[in-house]
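Peer 1: I am attaching a structure below and will ask some questions about it afterwards.
The values are calculated or read from the model by the stated rules, or taken from the named source; none is laboratory data. Model, not experiment: these values are computed from the prediction. As a convention, Cβ positions derive from the backbone with ideal geometry for all residues, glycine included, and neighbour counts pool all protein chains shown.
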Amino acid sequence: MVYEEFDYEIWPKRIALVTMGGTLGGHTAGSQKIEEGSLLSSLYQRKTQLGFQSIEEINILDLDSSNVSSLHRSALVDTVKKIYDRFDAIVITHGTNTLPYTASHLTFALQNLGIPIVLTGSQKFFGAAGDDARQNLEDAVLFAGLRDVKGIFVVAGSVAIPGVNVKKTTDFDIRAFKNIGLSDMAVEIGSKGFRPVNGMSMEEFIRTNNAYYGGAKTADELEITKFDTKDVRLIHETPDMDEEELFALAVGKKVIILSATGAGDPKEELLPALKELNDKGVSVIVGTQAPDGEASMNVNKPGVRARIEAGCIPLHDMSHENAIIKSSFLLSKNLSKEQFRDLFLMNMFGEIIDLPEQMAIKKVLQAPTGILAKLNETALIDGLPVPVNSGLGVVKKFHHNEII
């Protein structure tokens, strides 16, 4: 099947439909639970238009997504590995509230991914008047059927977005999700096919996206990392927050993400506490409360001081959800604080802008054995060549839970 206007192929793939509940499955106040097999039956009625070879429904969870935890996400990763060899693509139905956490979690947990995994949900439950559930599900199956596409995506509101840095921005509008930071990396799904919003061809879009992934042909080739978010805390800075409150909120955590104001500007009276936390081994990341802001910590005096004097790490254009997941993933690798900082600021899956201080990495590859940051022998830092095995660029190849 070829959509002539946008000229890209849908392949007859074997698709797994993994269901996890959510609004699409009837988890809203006053909604009725959908009958078992209803989603599958609806898709098979449109088999010719959607172009798939077969779809098999696999029910692993039936929860409102507000109740989905790292334990459930790890079970989802296990399911992906278990069924990986039987399918060419996987579509996951999931509640929208915490779908961004799951999309980011899958991105980091499943390395060397060679197939598309598409998450979708809805604002109205399947079968409700004017529901978006049916359209989102069909669009997810359609996008999963694209030739050559791989990686994690979120499909909803007639848009497909790379899943690593997605944020839910509304609880009412049909187009509920936005790609934080990389808003031009998205594909509109129309009646005649697919169109990247950034002017790329579909071939260019898929090639750009696929550069972050590998090509595992079997489950045994996947590199899987298990982790949870228990050692990370997101803290919302309030106008009257003092050092005592900050210390209390940071107790027992290895990473704190402080949602500050402006361009990542915590108030200056918190700087001694931030420095003390950093000196005690806590990685302190600073973001912004501005919905479309970038926490560079490079614009205003409070942010510059927190970065230079207190050793805080700028969040840049990453979402808070992604920062929590990425931090947790890195903590599972038993890194030094310096390695944690280097890798947190490195663009692994399109989740952060490419930074000048990361110029050691000319190309980020997905190695057969896991995430691989391919380094040159030297990097230019402030215009000077610096060996990459220095503290400015210690990035090695991941293998299981170690850096080697």
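Peer 1: Select from region 38-81 the residues that are modelled with pLDDT under 80 and closer than 17 Å to SER104 by Cα and list them in ascending order.
Peer 2: Within region 38-81, SER65 is the sole residue that qualifies.
Peer 1: Being surrounded by fewer than 24 Cβ atoms within 10 Å (Cβ to Cβ), more than 24 Å from SER201 (Cα to Cα) and modelled with pLDDT of 90 or more is true for just one of PHE87, PHE143. Which residue is that?
Peer 2: PHE87
Peer 1: Test of understanding: among GLY262, GLY214, which residue is within 20 Å of the chain's Cα centre (by Cα) and modelled with pLDDT under 95?
Peer 2: GLY214
Peer 1: How about region 32-96: which helices (runs of 4 or more DSSP H) wholly inside it have at least 2 residues that are in contact with a strand residue (DSSP E or B) (Cβ under 7 Å, 6 or more places away or on another chain), assigned by TED's automatic domain parsing to the domain that holds ALA140 and on the phi < 0 side of the Ramachandran plot?
Peer 2: 38-44, 70-83
Peer 1: Which residue is farthest from ASP240 (Cα to Cα), if the candidates are limited to region 256-315 and must be touching a Leu at 6+ places or on another chain (Cβ under 8 Å) and hydroxyl-bearing (Ser, Thr, Tyr)?
Peer 2: So, considering only residues that are touching a Leu at 6+ places or on another chain (Cβ under 8 Å) and hydroxyl-bearing (Ser, Thr, Tyr), the one farthest from ASP240 (Cα to Cα) is THR288.
Peer 1: While we're looking at this one, here's another question. Out of the residues in region 181-201 that are modelled with pLDDT of 70 or more and either within 18 Å of the chain's Cα centre (by Cα) or of a type in the set (S, T, N, Q) (or both), which is surrounded by the most Cβ atoms within 10 Å (Cβ to Cβ)?
Peer 2: Ranking the qualifying residues of region 181-201, first place goes to VAL187.
Peer 1: Check ASP279 against each of (1) modelled with pLDDT of 95 or more; (2) in contact with a helix residue (DSSP H, G or I) (Cβ under 9 Å, 6 or more places away or on another chain) and name the one condition it does not meet.
Peer 2: ASP279 satisfies all of (1) modelled with pLDDT of 95 or more; (2) in contact with a helix residue (DSSP H, G or I) (Cβ under 9 Å, 6 or more places away or on another chain) except (2).
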